[in-house]
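Peer 1: This is the structure I have questions about; it appears just below.
The values are calculated or read from the model by the stated rules, or taken from the named source; none is laboratory data. Being a predicted model, the structure only gives us computed values, none of them experimental. Cβ placement follows ideal geometry from the backbone for every residue including glycine, while neighbour counts extend to all protein chains displayed. Please note that ligands, DNA and RNA were not included when accessible areas were found on the heavy atoms of the full protein model with its side chains. Shrake-Rupley method; radii C 1.70, N 1.55, O 1.52, S 1.80 Å.
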Amino acid sequence: MEMDQLDRQAAEAFPGYTVRKDLVRTFSRQFPVPTYVVEFLLGRYCATTDEAEIQEGLDIVQRQLSSRTVRAGEEELFKARARESGSVKIIDLITARLDARSDSYVASLPSLRLIDVRISPELIKEHERMLTGGFYAEIVLAYDASIAQEKGGRPFGVESLRAIQLSKRDVLESLAAGRYQLSTEEWRNLLLRSVGFEPGGLTERAKDALFLRMVPFVERNYNLVELGPRGTGKSHLFQQVSPYAHLISGGKATVARMFVNNANGQRGLVCQYDVVCFDEVSGVSFDQKDGVNIMKGYMESGEFSRGKESIRADGSIVLVGNFEVDVEHQQRIGHLFGPLPPEMRDDTAFMDRIHGFLPGWDVPKMNPTLFTDHFGLVSDFLSECFTQLRNQSRVSVLQGRVFLGGALSGRDINGVNKTISGLLKLMSPDPTVEVSDPDLEWAVRLALEVRRRVKEQQKRIGAAEFRNTHFSYTLGAEGVEKFVSTPELQSQSGISDEPLECGQIWTLSPGGVEEHPGLFRIETNEGPGSGVRVLNNPVPPAFKESIRCAEQNLYARAMQLVGDRDPRAHEFSVQLRGFDAAKSGAKTGVACLIALSSALLRKSVRGGLIVVGEVTLGGTIEPIHNAVTLAELAVEKGARSLLLPVACRRQLFDLSDDMATRLDIEFYQDARDALLKALVD
């Protein structure tokens with residue numbers, strides 16, 4: 001492997017905490033253990049860039065894994081070694097349970113097919129996770145021949161064990177110090193390499209999806225859903241990378257195992273692990289009818305009540321599953337929560353507790369070219385940092401810097417804040433270092449998108465309370481309100497119900513003697529200077545007349561239209577974009593005036609709206625003679641609303657009932673009325 005610049009920087013910034021990820025894959029194919037177990041050993045013996053030292057360390061790791069992991073068919077060999085030597089060292093997944101008949105704890109070691117291994121109550125108390133899902137450990141397994149001769153004796157016993165996870169507790173300082181020796185882009189790439197991916201082969205959307213997968217590891221009580229095609233590695237991170245995550249494969253999930261066992265008071269998975277992931281979620285069901293309700297209550301507050309006491313936990317819940325069809329077809333036949341179990345699928349209250357819907361279709365199918373051969377952070381170091389980051393919050397970063405739009409409910413804001421906090425912790429592990437505006441905006445846009453995807457599915461189910469999904473944000477007190485959409489909902493016709501960017505507007509030209517009506521979009525930018533500059537070359541004469549009338553109206557009626565802003569102190573750049581055979585842009589003066597005002601006010605025009613009309617130099621609205629044709633064209637183009645001069649009202653009696661029900665038609669009296677009705681509230 002050729003070391004690149006990032007490898008050298010990572011080794012310098014994180015001495016002793018980097019490992020070559022291709023070595024990990026070599027061993028994890030050879031031996032029946034997860035990635036983080038292999039990396040635990042590689043981090044101990046191969047955390048260097050010196051090729052000779054790496055080779056020496058690899059030999060040690062090879063010997064240890066060969067001598068301590070039990071392959072299929074070797075169970076009796078290891079038991080025999082324990083008998084002959086008195087003990088044997090193994091690496092295995094250890095779980096334990098209370099045997100009430102003998103009033104003692106017994107451990108299970110699946111690789112040796114032993115289910116009744118003696119273990120002391122002291123070890124159980126020290127490692128309670130054995131009683132829930134278990135964990136991988138280096139175990140010294142002893143054999144006592146005298147006990148073997150007793151009736152019902154248990155000759156095998158756990159003499160000592162060491163959990164395979166990092167023992168150091170000051171790792172966060174090391175992570176923060178190393179992070180700021182790298183740029184944001186370099187750090188993002190190193191994080192992706194650390195979980196096994198080569199960033200060069202991923203799109204920006206795929207990278208964002210992978211960062212979202214990490215958020216439950218760093219944010220307490222974070223609820224995430226990822227649904228998408230098969231083979232995109234949805235469960236990889238939760239099964240292979242961190243000992244603080246537990247994967248539940250499809251099937252029954254018991255309330256006792258998930259939350260608390262009433263029989264003995266033993267706390268469940270959400271108390272023992274940072275992340276509990278339900279794989280193949282479509283097959284998951286609870287053993288009790290109230291299982292989903294208990295989970296729903298836990299996802300809302302982080303608390304659950306079983307028996308007399310109320311118990312708090314901070315484990316994140318992740319639901320992953322597959323679409324049987326592509327995302328476009330899934331939206332046509334239902335909604336994106338379709339693969340969830342029946343008791344969750346159409347429950348809007350359950351959906352409301354989901355903080356983010358990760359677009360699994362943005363992640364490519366796993367293939368060898370996507371896996372990295374370069375250096376990344378050792379998994380146990382990274383997972384220890386992740387678990388310590390859960391004790392922090394970055395919500396305070398938003399105060400005074402980010403203002404969320406009025407469409408967000410309380411639960412929306414909570415979900416968005418948690419996602420932003422998690423993403424910022426990943427990007428900026430040190431809370432004392434100020435987050436840059438680009439990093440903050442990236443996190444805000446991503447958080448709004450994944451929460452809005454949840455809201456859109458609630459709206460599809462038909463709940464009226466979820467109808468306002470136009471999520472927006474403003475960066476800084478003087479910033480521009482920006483709207484965030486979910487890409488899979490974009491209208492193919494171009495006219496979506498998303499509010500347009502400031503200075504943009506859809507309009508229909510009524511045409512003329514030699515030209516049919518046509519759809520146009522006017523796009524305007526404002527900056528320092530003066531005057532209006534049309535970027536089209538040559539400028540169509542009819543549009544030139546409309547834009548000049550609009551400009552003069554803006555100057556003459558500035559106080560009514562834009563308040564105390566002085567339009568003469570700004571230069572406007574305007575482009576006319578045609579979407580039909582029509583090219584003149586004739587009689588579009590009202591839309592031009594609204595576009596100029598929108599750019600100056602920094603307010604967006606409503607989504608799905610088309611504005612029609614011409615304004616004269618004196619401010620009069622010119623009559624339109626083919627209002628029915630324009631209304632039919634607006635429906636054909638996918639518009640939801642049409643804004644017309646009030647003089648067109650009588651003509652529209654001739655509009656068919658079918659067309660009238662598919663379009664929301666509004667009227668305006670003058671230019672100011674048109675502006676107020678066109679802008680987002």
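Peer 1: Looking only at segment 521-537, which residues are on the phi < 0 side of the Ramachandran plot, outside any strand (DSSP E or B) and either modelled with pLDDT of 95 or more or loosely packed, with under 13 Cβ neighbours inside 10 Å (or both)?
Peer 2: Selection gives 530, 535, 537.
Peer 1: Would you mind telling me which numbered condition in (1) surrounded by fewer than 21 Cβ atoms within 10 Å (Cβ to Cβ); (2) over 18 Å from residue 355 (Cβ atoms); (3) touching a residue at least 12 places away in the same chain (Cβ under 8 Å) residue 265 fails?
Peer 2: That leaves (3) as the condition not met.
Peer 1: Which pairs have Cβ atoms under 7 Å, sit 6 or more apart or on different chains, and link a residue in segment 389-409 that is over 17 Å from residue 218 (Cβ atoms) and among the basic types (Lys, Arg) to one that is outside any loop (DSSP other than H, G, I, E, B) and at pLDDT 90 or above?
Peer 2: If the second residue must be outside any loop (DSSP other than H, G, I, E, B) and at pLDDT 90 or above, the pairs left are 401/440.
Peer 1: Every residue in segment 507-536 that is of a type in the set (Val, Ile, Thr) and touching a strand residue (DSSP E or B) at 6+ places or on another chain (Cβ under 6 Å), please.
Peer 2: Within segment 507-536, 507, 522, 524, 532, 534 meet the criteria.
Peer 1: So, one more: (1) open to solvent by less than 20 Å² (accessible area, probe 1.4 Å); (2) in a loop (DSSP other than H, G, I, E, B); (3) farther than 24 Å from residue 531 by Cβ: which one isn't true of residue 581, the others all being true?
Peer 2: If we test residue 581 against (1) open to solvent by less than 20 Å² (accessible area, probe 1.4 Å); (2) in a loop (DSSP other than H, G, I, E, B); (3) farther than 24 Å from residue 531 by Cβ, just (1) comes out false.
Peer 1: Under the condition of being under 16 Å from residue 580 (Cβ atoms) and open to solvent by 20 Å² or more (accessible area, probe 1.4 Å), which residue from segment 493-504 is modelled with the highest pLDDT?
Peer 2: Going through the qualifying residues, I end up with 494.
Peer 1: Can you tell me how many residues in segment 550-572 are crowded, with 17+ Cβ neighbours inside 10 Å and assigned to a strand (DSSP E or B)?
Peer 2: Residues in segment 550-572 being crowded, with 17+ Cβ neighbours inside 10 Å and assigned to a strand (DSSP E or B): 2 in total.
Peer 1: What number of residues within segment 436-454 satisfy the criterion of being more than 14 Å from the chain's Cα centre (by Cα) and open to solvent by less than 10 Å² (accessible area, probe 1.4 Å)?
Peer 2: Qualifying residue count, segment 436-454: 1.
Peer 1: Show the residue pairs that are 6+ apart or on different chains and have beta-carbon atoms under 7 Å apart, the first residue being within segment 646-659 and on the phi > 0 side of the Ramachandran plot, the second being aliphatic (A, V, I, L, M) and open to solvent by less than 80 Å² (accessible area, probe 1.4 Å).
Peer 2: Listed pairs, sorted by first residue: none to list.
Peer 1: Looking at 615, 680, 628, 635, which one is closer than 22 Å to residue 532 by Cα, touching a residue at least 24 places away in the same chain (Cβ under 8 Å) and of a type in the set (Val, Ile, Thr)?
Peer 2: After applying the criteria, what remains is 615.
Peer 1: Quick one: would you say residue 72 is over 27 Å from residue 124 (Cβ atoms) and in contact with a Ser or Thr (Cβ under 6 Å, 6 or more places away or on another chain)?
Peer 2: Taking the combined requirement at face value, the residue does not satisfy it.
Peer 1: Filter the strands (runs of 3 or more DSSP E) completely within segment 76-141 down to those with at least 2 residues that are in contact with a helix residue (DSSP H, G or I) (Cβ under 6 Å, 6 or more places away or on another chain), within 19 Å of residue 65 (Cα to Cα) and of a type in the set (A, V, I, L, M).
Peer 2: So the answer is 87-99.
Peer 1: Another question about this same structure. Pull out all pairs, ordered by first then second residue, where Cβ-Cβ is under 7 Å, the residues are six or more apart or on different chains, the first lies in segment 56-75 and is part of a helix (DSSP H, G or I), and the second is surrounded by 15 or more Cβ atoms within 10 Å (Cβ to Cβ) and hydroxyl-bearing (Ser, Thr, Tyr).
Peer 2: That search, which allows pairs on different chains as well, returns 57/45; 60/45; 61/45.
Peer 1: Go through segment 630-660 and give me each residue that's open to solvent by 70 Å² or more (accessible area, probe 1.4 Å) and under 45 Å from the mean Cα position of the chain (by Cα).
Peer 2: Matches in segment 630-660: 632, 636, 640, 657, 658.
Peer 1: Pick from 350, 337, 381: which is of a type in the set (Phe, Trp, Tyr), under 28 Å from residue 465 (Cβ atoms) and assigned to a helix (DSSP H, G or I)?
Peer 2: 350
Peer 1: For segment 123-155, how many residues meet the condition of being crowded, with 19+ Cβ neighbours inside 10 Å and polar (S, T, N, Q)?
Peer 2: The number of residues fulfilling the criteria is 1.
Peer 1: A follow-up question, please. For residue 365, work out the one condition from (1) open to solvent by 10 Å² or more (accessible area, probe 1.4 Å); (2) touching a Gly at 6+ places or on another chain (Cβ under 6 Å); (3) modelled with pLDDT of 90 or more it doesn't fulfil.
Peer 2: It is condition (3) that residue 365 fails.
Peer 1: I'd like the residue in segment 436-459 that is touching a residue at least 60 places away in the same chain (Cβ under 8 Å) and β-branched (Val, Ile, Thr) and, out of all such residues, is nearest to residue 208 (Cα to Cα).
Peer 2: Filtering first and then ranking leaves 450.
Peer 1: Among the candidates 381, 371, 350, which residue alone is in contact with a helix residue (DSSP H, G or I) (Cβ under 8 Å, 6 or more places away or on another chain), within 30 Å of residue 14 (Cα to Cα) and either at pLDDT 85 or above or surrounded by fewer than 23 Cβ atoms within 10 Å (Cβ to Cβ) (or both)?
Peer 2: The unique qualifying residue is 371.
Peer 1: So for segment 404-421 (the condition being touching a Gly at 6+ places or on another chain (Cβ under 6 Å) and crowded, with 23+ Cβ neighbours inside 10 Å), does at least one residue qualify?
Peer 2: Yes, the conditions are met somewhere in segment 404-421.
Peer 1: Identify the residue in segment 661-681 that is open to solvent by 50 Å² or more (accessible area, probe 1.4 Å) and of a type in the set (A, V, I, L, M, F, W, C) and, among all such residues, is nearest to the chain's Cα centre (by Cα).
Peer 2: 676
Peer 1: Please verify whether segment 593-608 includes one or more residues that are without any contact (Cβ under 8 Å) to a residue 60 or more places away in the chain and in contact with a strand residue (DSSP E or B) (Cβ under 7 Å, 6 or more places away or on another chain).
Peer 2: No, segment 593-608 contains no residue that is without any contact (Cβ under 8 Å) to a residue 60 or more places away in the chain and in contact with a strand residue (DSSP E or B) (Cβ under 7 Å, 6 or more places away or on another chain).
Peer 1: Among the listed residues 507, 486, identify the single one that is at pLDDT 95 or above, under 40 Å from the mean Cα position of the chain (by Cα) and open to solvent by less than 20 Å² (accessible area, probe 1.4 Å).
Peer 2: Only one candidate qualifies: 507.
Peer 1: Answer with yes or no whether residue 476 is closer than 18 Å to residue 613 by Cβ, modelled with pLDDT under 95, open to solvent by less than 40 Å² (accessible area, probe 1.4 Å) and of a type in the set (Gly, Ala, Ser).
Peer 2: For residue 476, the condition - closer than 18 Å to residue 613 by Cβ, modelled with pLDDT under 95, open to solvent by less than 40 Å² (accessible area, probe 1.4 Å) and of a type in the set (Gly, Ala, Ser) - is not met.
Peer 1: Take residue 480 and tell me if it is farther than 25 Å from residue 641 by Cα, among the hydrophobic types (A, V, I, L, M, F, W, C) and touching a residue at least 24 places away in the same chain (Cβ under 8 Å).
Peer 2: No.
Peer 1: Something else about it: I need a count of the residues in segment 620-642 that are touching a helix residue (DSSP H, G or I) at 6+ places or on another chain (Cβ under 6 Å) and either among the polar types (S, T, N, Q) or not in a helix (DSSP H, G or I) (or both).
Peer 2: The number of residues fulfilling the criteria is 3.
Peer 1: If you don't mind, another one. Residues of segment 269-315 being open to solvent by less than 40 Å² (accessible area, probe 1.4 Å) and touching a Ser or Thr at 6+ places or on another chain (Cβ under 6 Å), which ones?
Peer 2: 269, 272, 274, 275, 279
Peer 1: Please tell me if residue 153 is small (Gly, Ala, Ser), at pLDDT below 90 and not in a helix (DSSP H, G or I).
Peer 2: Judged against the criteria, residue 153 is a match.
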